[in-house]
């Protein structure tokens, strides 16, 4: 019985922490995750709308204690998006007072689990001087097999916001100290960090409270 309890606790800890970040080879097609790491429809089931509404009313994660001592670092880069556009970071961040940059991977179950909530947040905060941007850590070519997987996952989760690719410049200027996904950065309109990075997935209610706090500053 003790061994069973310890095993359950270990599984829960790993699920909440996230997945180790995977970077695609520079300027080469992204390497496909192994069969054990790939999330497919057969191994991944979405909850009902009623369950999602209940999760929003009763978040299963504690409130975030944002670390403002980690603020100030500026991010400057040019990126390619999953839909084939090229975007400059200055232009990107100037679109909103607060940008939530969510770094995720196609192989990462915790990443995919929070993406429906992120998609809903993007809709609910569309008029709040706020935006969400995704960064796919294991895709640098939108036409690769992994790129196709990412597009399917985005459509399935409803995470219909801009998603950037992990090109060489983005890896160098954004992902250099990212060790696990999901990792989320909050940046101001000049591309400067508003607080330290948040590692791990969270619920709608937890993210919403953090966003409200940042928008009010």
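Take residue 91 and decide whether it is without any contact (Cβ under 8 Å) to a residue 40 or more places away in the chain and surrounded by fewer than 22 Cβ atoms within 10 Å (Cβ to Cβ).
yes
State the number of residues belonging to segment 189-217 that are at negative phi and part of a loop (DSSP other than H, G, I, E, B).
10
Yes or no: segment 132-141 includes at least one residue that is in contact with a helix residue (DSSP H, G or I) (Cβ under 9 Å, 6 or more places away or on another chain), surrounded by fewer than 21 Cβ atoms within 10 Å (Cβ to Cβ) and either under 19 Å from residue 100 (Cα atoms) or at pLDDT 95 or above (or both).
Initial filter on segment 132-141 (in contact with a helix residue (DSSP H, G or I) (Cβ under 9 Å, 6 or more places away or on another chain)): 132-141.
Subset that is surrounded by fewer than 21 Cβ atoms within 10 Å (Cβ to Cβ): 141.
Next, only the ones that are either under 19 Å from residue 100 (Cα atoms) or at pLDDT 95 or above (or both) stay: 141.
Yes, segment 132-141 contains at least one residue that is in contact with a helix residue (DSSP H, G or I) (Cβ under 9 Å, 6 or more places away or on another chain), surrounded by fewer than 21 Cβ atoms within 10 Å (Cβ to Cβ) and either under 19 Å from residue 100 (Cα atoms) or at pLDDT 95 or above (or both).
Restricting to segment 152-187, what's the tally of residues that are touching a residue at least 60 places away in the same chain (Cβ under 8 Å), over 13 Å from residue 111 (Cβ atoms) and part of a loop (DSSP other than H, G, I, E, B)?
Looking only at that region, the number is 6.
The values are calculated or read from the model by the stated rules, or taken from the named source; none is laboratory data. Computed from a prediction, not measured in an experiment: that's the story for all the values here. Here the Cβ is made from the backbone with ideal geometry for all residues, glycine too, and neighbour counts use every protein chain on show.
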